[in-house]
Structure formats: C-alpha cells, structure tokens
Amino acid sequence: MQNPHSDCEASASLNRKWNVFTVFSQTIEQVEAFKARVNLSTRVLAGVEFRNFGVRSTPTALLVGKTGVIDRVWIGTSPAIEADILAAVQR
C-alpha cells in the first residue's frame, strides 16, 4: 500500500520549514506495525488523546507554526485537501 501523504512529507522535508509528525491514538506497538505496513516515514506520536487538540474525527491534519499555534486545520481526505496541504507547506 502506498503512503497517501508521501508527497506532503517529501515537500515538507525539502522545504525544511516544517516538521512532519503523524499522530495516533493507538499504542506505539500498533503504530510501528502500521508504519512498516504502509511505509510511513514521518516521525510519530502514539497514544495521543485527540480531544485534547479539538480533533473529533480522523484523518485531521493540523499545520502548527513555530510558536506552537495551530495555523490551519484540514478534516477528511480528498485530492483537493491534499493539494491545499501541499500548497500550505510549500509557502
């Protein structure tokens, strides 16, 4: 299975302006198995309580600025959302 966020990860890592993390509510063991299965290369945070960030559904993407403030939020997945995320991290 191809990682659907690989373009965003590549763009962010080339830009060096962003740190890309993938956040999961599952245990680290479950996350590591998932990472291996889908070839996910981002850094991960496991065991996160999404409600602490106001996240009510997944997938949700957050763009967090250098000061720790959430700049943008995307809920769901679609080609349009993916394009918007890519545009945001390429700025």
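Condition first: loosely packed, with under 12 Cβ neighbours inside 10 Å and within 25 Å of residue 90 (Cα to Cα). Now tell me which residues in the stretch 46-78 satisfy that.
Within the stretch 46-78, 65, 66, 67, 68, 69, 70, 71, 76, 78 qualify.
Can you name every residue in the stretch 35-91 that is among the hydroxyl-bearing types (Ser, Thr, Tyr), closer than 17 Å to residue 19 by Cβ and modelled with pLDDT of 85 or more?
Passing the criteria: only 67.
The values are calculated or read from the model by the stated rules, or taken from the named source; none is laboratory data. Computed from a predicted model, the values in this text were never measured in an experiment. Counting neighbours? That spans all protein chains shown, and the Cβs are built from the backbone with ideal geometry, glycine included.
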